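S.K.: Below you'll find the structure I mean.
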Amino acid sequence: MKILLFAMTLIMASTLQVRSQYSETDSTYKHYFVGSTLFILGNFIPNDPNAPGFIQLNLGYRITGKDVISLELKTWKYAWPLGINPFYNSANITPIEKFPGYIREYGFAIAYQRYLWNGLYAAIHVAPLWQTFKNESGNTVGNGFHIFNTYRVGYHVKLFNDRFFIEPSLGIAGRPYYTEMPDGFRKKDDKWPKWTPEPGLHFGYNF
């Protein structure tokens, strides 16, 4: 159901405006933007003891009409391995796959985005993230670090005379590098892949 809703959002967004790309020769477009991702809505699921406490702030700059860089400041927590994709695998809520506690992460991502045709773009996000491992009592049992990369293809849609925008996307996310986890966490994490498909829906305000 979640995959269907995301696909419908992508189709609807891509039909809103045919020519969404910024022209390299147009100096009037707004170079700066701030934004986030709709994943923050996961913080507001009623009566969810596993709410991710997710915060993300995107700060971006349009170098040209086709080239964009941004800094993404983020933090969240999770109690199941990242390799369990919640969009097609319900194991992410089963007690047997749950960590003996949770992981809280803090860090940032550097993202580069390149327009390919009209509003269609490709992007890479490279995120160094610092980890704190907590047991069921909330006590710290270890610290770690990993690099979490995401590769995306999406569509940029201008809204309200280019004051706002949304960017539905599909991508693959994973960890090319990570440090050793505490034993109980590692045993759960080793059972699942280090890369998984990941949809996205970013939004922002241009200025």
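The values are calculated or read from the model by the stated rules, or taken from the named source; none is laboratory data. Owing to the predicted nature of the structure, the values given are computational and were not obtained by experimental measurement. Neighbour counts run over all protein chains shown; Cβ positions are idealised from the backbone, glycine included.
S.K.: Identify the single condition in (1) in a strand (DSSP E or B); (2) in contact (Cβ under 8 Å) with a residue 40 or more places away in the chain that PHE145 does not satisfy, given that it satisfies every other one.
M.R.: Failing condition for PHE145: (2).
S.K.: When you look at GLY138, is it in a loop (DSSP other than H, G, I, E, B), out of contact with any strand residue (DSSP E or B) (no Cβ under 7 Å at 6 or more places or on another chain) and over 14 Å from LEU82 (Cβ atoms), yes or no?
M.R.: yes
S.K.: Out of segment 149-168, which residues are part of a strand (DSSP E or B) and farther than 15 Å from GLY35 by Cα?
M.R.: If the condition is that a residue be part of a strand (DSSP E or B) and farther than 15 Å from GLY35 by Cα, then ASN149, THR150, TYR151, ARG152, VAL153, GLY154, TYR155 are the ones that fit.
S.K.: So, one more: Restrict the check to segment 94-114 and report whether at least one residue is at pLDDT 95 or above, of a type in the set (A, V, I, L, M, F, W, C), surrounded by fewer than 19 Cβ atoms within 10 Å (Cβ to Cβ) and farther than 17 Å from SER70 by Cβ.
M.R.: Among the residues of segment 94-114, not one is at pLDDT 95 or above, of a type in the set (A, V, I, L, M, F, W, C), surrounded by fewer than 19 Cβ atoms within 10 Å (Cβ to Cβ) and farther than 17 Å from SER70 by Cβ, which makes the answer no.
S.K.: Checking THR75 against (1) β-branched (Val, Ile, Thr); (2) more than 13 Å from the chain's Cα centre (by Cα); (3) buried (at least 16 other Cβ atoms within 10 Å of the Cβ); (4) part of a strand (DSSP E or B), which single condition isn't satisfied?
M.R.: Failed condition: (2).
S.K.: Looking for something under 22 Å from TYR32 (Cα atoms) and among the polar types (S, T, N, Q) - is there at least one such residue anywhere in segment 104-119?
M.R.: Yes: segment 104-119 contains one or more residues that are under 22 Å from TYR32 (Cα atoms) and among the polar types (S, T, N, Q).
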